[in-house]
1. Between the alpha-carbon centers of the range 134-150 and the range 1224-1243, tell me the distance in whole angstrom.
2. Among ASN1205, HIS1269, PHE1244, flag the residue with its Cα farthest along the positive direction of the charge dipole of the range 1183-1271, charges on Cβ as +1 for Lys/Arg and -1 for Asp/Glu.
3. Sum -39500 (n - 2.57) across every DSSP H segment of at least 4 residues in the chain, then divide by the residue count to get the 222 nm mean residue ellipticity, nearest 500.
4. Hey, with R₀ at 22 Å, roughly what FRET efficiency would ARG413 and GLN515 work out to, going by the Cβ-Cβ distance, to 0.05?
5. For a paramagnetic label modelled at 7 Å from the Cα of GLN291 toward its Cβ, which residues of the range 228-253 fall within the zone defined by backbone nitrogen distances under 16 Å?
6. Note the full-extension length gain between ALA404 and LEU526 as 0.36 nm times their separation in residues minus their Cα-Cα distance, in nm to one decimal.
7. Please identify the trypsin sites (Lys or Arg not before Pro) of the range 540-592 that satisfy two criteria: DSSP loop assignment and at most 12 other Cβ atoms within 10 Å. Which are they?
8. Based on the Cβ-Cβ distance from ARG1501 to HIS1432, what FRET efficiency comes out when R0 is 22 Å, to the nearest 0.05?
Amino acid sequence: MVNSEARNLKLKPTKKQNQSELRRLDFLSQDRSCESEYHPLDIIVSIFLCADPFLQQELMVKMSLCQFALPLLLPAGNKGCIFLLWALRSIVKKWCPLSLRDSAGFKETNMVTTNIPMFSFIRLGSCSISKSMILNKVLSRSQQHHNFFIHADMECGNLSRRISDGLVELCWYLPSGSVDLDLFPEPMTILNLRGDAKVLHTQVQFLTNISSAVFLWIDNVDNDTSKILKSLTQCPASIYIVLTGNSVSSETEQHLNELIDSSVLKEEQILARVMRNNAEFTEALQSILRQVLVRTYQEITSQGLRSLEKLAKIARVKGIVIDEDEKLCSLGKARSESIYNYIEGKAINQFKSESMSFQGHTWQQISKIEKEQCRPKNREEKSVQVYCNDLEEEKSKLQKQQRAKGISADMKRFIAALTHSDERKYMLQWMKFGLDSKSRETLSVLHDKYKALYEKSQEQSQQKDSTTNKLLQQLDQQITANALGLEHFMREIGLIYETLIKQEYHNKEESRLVQMLPDIVANLLLDGFPLELVDGDVSNIPLQWVTDVLKAVEVRISRETSVIGRETKVFVLTVLGVQSTGKSTLLNTMFGLQFAVSSGRCTRGAFMQLIKITGDLQKELGCGYIMVIDTEGLKAPELSNIDGSSERDNELATLVIGLSDVTLVNMAMENSTEMKDVLQIVVHAFIRMGEVGKRPVCYFVHQNVNDVSAHDQNIRGRKHLLEQLDEMTRAAAIMEKRDQQFSKFSDVLEYDAVENNWNIPGLWHGNPPMAAVNSSYSHKVLELKKRLFQNLKENTKKRKPSTISEFIQWTKSLWTAVKYENFIFSFRNSLVAEAYKDLSVVYTDVEWDLRKEIHSFLGRAQNRIFNTNQDPGEEAVSLKSELIVFLDEQKRKALQKLKEYYSTGHNTNLVEKYREDFIRSTESLIIERHIYVDRKCDEAVQRRRALQKLNDIKENYKNQIEEEVNKLLQQYSQENKEMDETQLKEVFEKMWQNTISKFKHLPSQKANIMKDMEQSLHQSMLTDTKVLNQKLRNKSLSELKDEKLQINHNHVESTAFYSRLVPNWIYSIFSTKAQELCDEWVKECKQFVMKKVKQEQDHDSNHCRELLRAIDAKIQKHKDQKFTFTEHFRVDFKLHICGFALNQYEEMHERFRKKNDPLEQLKKEKSAYCQSFMDIYQEKDHTKQKAKMFCENCLIPAIMQAVDNRLGMEIVQHMRHHCKGGKFSYRKNFQVALMLYLKEKDSFDEYYRYLQHSTSFQLDWLKEQVVQHCAATNNNQIPLLCSLALNILHKIVNRLKEALKDITDTIDGSSLADVVQAIKNKLCEEIQITQEKLGPVIFQSEKVNPQDFNQEIASFISTNYLTDRIKDWGKDVAKKITALPSDPADEFYTILCGCGERCPFCGVLCDCTNREHKQHSAEYHWSQGLNGHKHHKTGHLVSENCTTDVAGDSSFRNEDTGGAWFLYKKYRELNKWYGSWNIPPDTSIKTSAFWKWVLYKYNQRFAEKYSAKPAENISSWNISWDTITNDIEDKYKVMINEFY
């Protein structure tokens, strides 16, 4: 901050002090000084004595801007005084001397090296008037008064000085070139000695030796003073005596006359204040000073024009300490001179050409090639792929040329100097001074030429002279070529690193030099030096260099803070605006930075600086650093005639806005004519950022608005600005094809017309160069700074600052998007992709949790339906009511998890636009699962009712059997007849046979499945009835089950489009592909049938219809541009599948009939009844037998069924959390796992099957992975399948034990039937104990002790029987998994494999994670050749991917276009299928290295498979596995080693 009131340092007393003074009436005291108050000069001296040399430089610059006098000789107590030459080195001034007044030119130089006459003002004794006050009046116009020097009438200026006597201050008077405004025609330096010269001998001797004239201020001349005057007249400077008293004493007159008479003085060298007021006295002094100044410039002598640098030599002789003689400063100077001396004798453009070759013409050519690769404009007839390959080769040659030149000797010296950290800052500052001086010297000549030529062109005819324009462009290029600053050296370092870091070095020393560069520059960046982000000369970013420097910064910060696992946050602030609107000055004032400033194009490209935040502010702002990015001015006049200047502005604006958290849009004046152009650029950039969820805050800063009421009165102006912004938003949205999304500026970002508009007054108070900085400017900038910080505090949670790593990723992704003109890069941006991945992982977890919980509810519901003693329909109604409440709660939890992610997740603002999609997907899943559970409950009710019917019949049979058994027991007990077990079994067998022979048993009717199947076939093939009947006449369905379906010429026919291309088409061309499809479909349909069969249901005619609908869906979904399947194929295929299904359904039906035959069920209980009969007859305690019967017939089957029901989901749960690489937790990881599997197999057939039959391939692979995972053994050599099952078993058994314990406490007086019912009730949701199997258990159980019964059950289930049964599953894991009700592979497929839709061009699968996506999309598309596409003219497989074609002007034709050529870029307009795909027009989306390598390796095989010629120009695709691995890790954000 620059404040021209900074010297007003008087302490304000507190309220308490004021009250105390009033009580004591201290205000009447004559002495009002306070020990805590100091003279401002004492404070300035003490500050400079304490400040380090670089802070001294900064203080000098700020004081100079405020037009404060600057300390030159600093009193330092016992050390004497210090000559502050180093501290003054940074001051550069502009002025217009008399010689340049007519040409309206100016001079710009460093004030330390400039030869300017010096005039010293010294006081001898006390004076009755303030010397400093009069000097201020002498140097100021009445309308523009400045207090250059502190005087007694200023705040605290009347206090006694304690340490500042002996201080010599300087200020410069610099003319502006205006006769009316300038007080003096030429520049001059005014030196003001503080204190009495009589006691300051060193300072006086120095000043009298170096000044052109010395003005001695005296009240009276006595003998001592006269002697001093005589001695001073011997010095080389002209002596002038200024008599300051109101009157001249006789003694004074006498001594002065003596001096005049002795020719020591002339009368004109004496100025008396007598009879003059201050104004007249000031005017007289100005007149003398003006005369002396003119005479000094006319009489060039050794005493005339001198620079401060030359004065330092004189100061050394006088014993004055020079600050530049300090050791580190001297070492830094010596190192800089060792580099700078090589530049001194050369022209700048020559030096840059020889010693800075990396940023020369070759770098410009490389940058042009990179842009041409991104936006091919000159490819003519070449394909994009071939053209880009040619450009890549050309770029490689240029880079090779660069490497061949190597690092120049000058740059090696510069880099070596940077390694010396102690004097590095000095060296760089010395370099800056020297380079800036040489550039100013060279550029001033070129600017003059440019100006003269431009003025000449304006005088010519209205029609522009093309020759003059060319000359102007050449001069502009020369100006660029002859600009040389420290930034050029730093740029060269960056380009050296960018070019050579990937080179294998033979020179170890040079290799070490290159590798250490990021660390060196990172240290400089943290020390406050700017880093070039965008090379303004070529509008390019050396991305590797910037990345590695920022990584090194991050490493150093982590090392210094010693905070592990928590990265430092960075708040990014950028400024944009038209050239010369004070952008750099605004940042310098706001943060105390040192961006280059001047009127004209100072900043080229973009530079960044880091500002460290410490203390409580770091916690409040939530970041450790502020990164400030300064940019070159937009709408630069010197670039207006250059092609692409508008594009350059758009690129820069998009980049810096995209990187920033806050953007300041700087505009000069409220109604600037350039404002509209700037706003258009800015609005475009904000719309592009809004697409990826990046919504930076924007402040419009209107500069040079001085009216204090401007902010309040300009409501109409703010309204007009908002209208302009809305208008531009609509126009920009149409251009960006986002007009449906953005219609007003507030749609783009949060904008408040009051809070987001700031009026800043003009920087200068008066006319430069003698103008001081306007204090209101600094105060207003400070208010804006506070507002920025307040905004950051308020939005810490909403907009979290980025880490340095994230900033790096943003920069990479954003620059790629800018280069490719791709601003619809939602998935391409690495941070967006990472945020979307995190969101997808969260959603996948949410979806899985929902599925698991709902599956668990369904299991409990089915158990309750089967266990109920009431009507199962009533139980189902109750369950459906509970389901609604349950699903509402699950939905609330799921949406809460998504909400929590958006509240606490990282970078969630980047995926805000997907929030609604994922919410809809969650709601859709809830609805779908609701319908599913309802249907399953209805099916359970139907099965339960069917079992009830069966049980009613069986109950009748059972009652008769039990009645007969009771008769036998009664008969033999009365007879008291002794019988052994064999006799008892014979008696029971005879009774059993006699009883069942009396049953009127009618087996269930056998279904005519073949008839159902044939009817369904006819209904589904109404148009193909004739062909169907012919086939069925020849063979029945049952005869077709074992035949392999072989494709013949009647099954396929050429499409209308292809038959025009190949009139005499050959069936064999398509037969292979058709046979592959047929075999795949047969396999999938048979799996469909077997899945139905596995459910062990009775036959339903709907089974046939569902199967035929599935077949129709497959055939209709087939899309091939060359052939279609005929009616003969449809008939043959359905007959083949139905023949297979017929056999399977009949076997299923037969098994169901036997299983559910009442008599068969009763026969299974025969042994149980027999055992009960024998136990009762023998009067045995059959409690144990009843318990065993209950366990074996009822409990164990129920437990094992419950384990089966839960096991599938448990396998999925375990694999999601324990498989390496998280390959089953997220779709992208799953895709990586598939690629690694394919690479491991490295079989063309496997690659081809994955590409062409992805669904079945993925399902088969998932099944294989499930089996492998479940077959893996633990430390106890138990397969994982068994371990998971045992875990489920133990939970059920523990629950059973708890139930038995609860029942035991309450069973006094209960029957066995009551106990069994109580067990059922307790476990009604865990297991299914059906009533039908309880007959033998309850029969004749009156004498069974219920407590003993419970103990026997607990004892039985505690044995190893159950665990042994489960461990037996390990003998054939695959068989057991196949038999599970819930197939883990199917569950994984549902979660991981998406919607299954394929890109119409390359065939890649849609990879949207959320179920309810509006459009299909894939992050990375394949080369179209992998899907069989070939060039129509050449027949070669296409190597380009569809994103490249959609971005270009090429066309395609196929069956869908009716054979007509159709532009790729308009593919959405073709039909609904094409329109459902979002294929970004982006040449930056490269085919992944993996699939490039696959096409390269199997190019010939793919060509043969697709009847095409191999793809051309893919020799560069012979990629190493390391490169492929890096590409996969980069694209999919995974670590490959985690998958092994």
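The values are calculated or read from the model by the stated rules, or taken from the named source; none is laboratory data. Computed from a predicted model, the values in this text were never measured in an experiment. Every residue, glycine as well, gets a Cβ built from its backbone with ideal geometry; the counts of neighbours run over all protein chains shown. The accessibility values were calculated without ligands, DNA or RNA, using every heavy atom of the protein model including side chains. Shrake-Rupley method; radii C 1.70, N 1.55, O 1.52, S 1.80 Å.
1. 80 Å
2. Selected residue: ASN1205.
3. Here the helix-only value at 222 nm equals -18000 deg cm²/dmol.
4. Given R0 = 22 Å and the Cβ-Cβ separation, E is 0.75.
5. In the range 228-253, the label zone of GLN291 (backbone N under 16 Å from the point 7 Å along Cα→Cβ) covers 238-243.
6. 40.6 nm
7. Passing sites in the range 540-592 are ARG566.
8. 0.50
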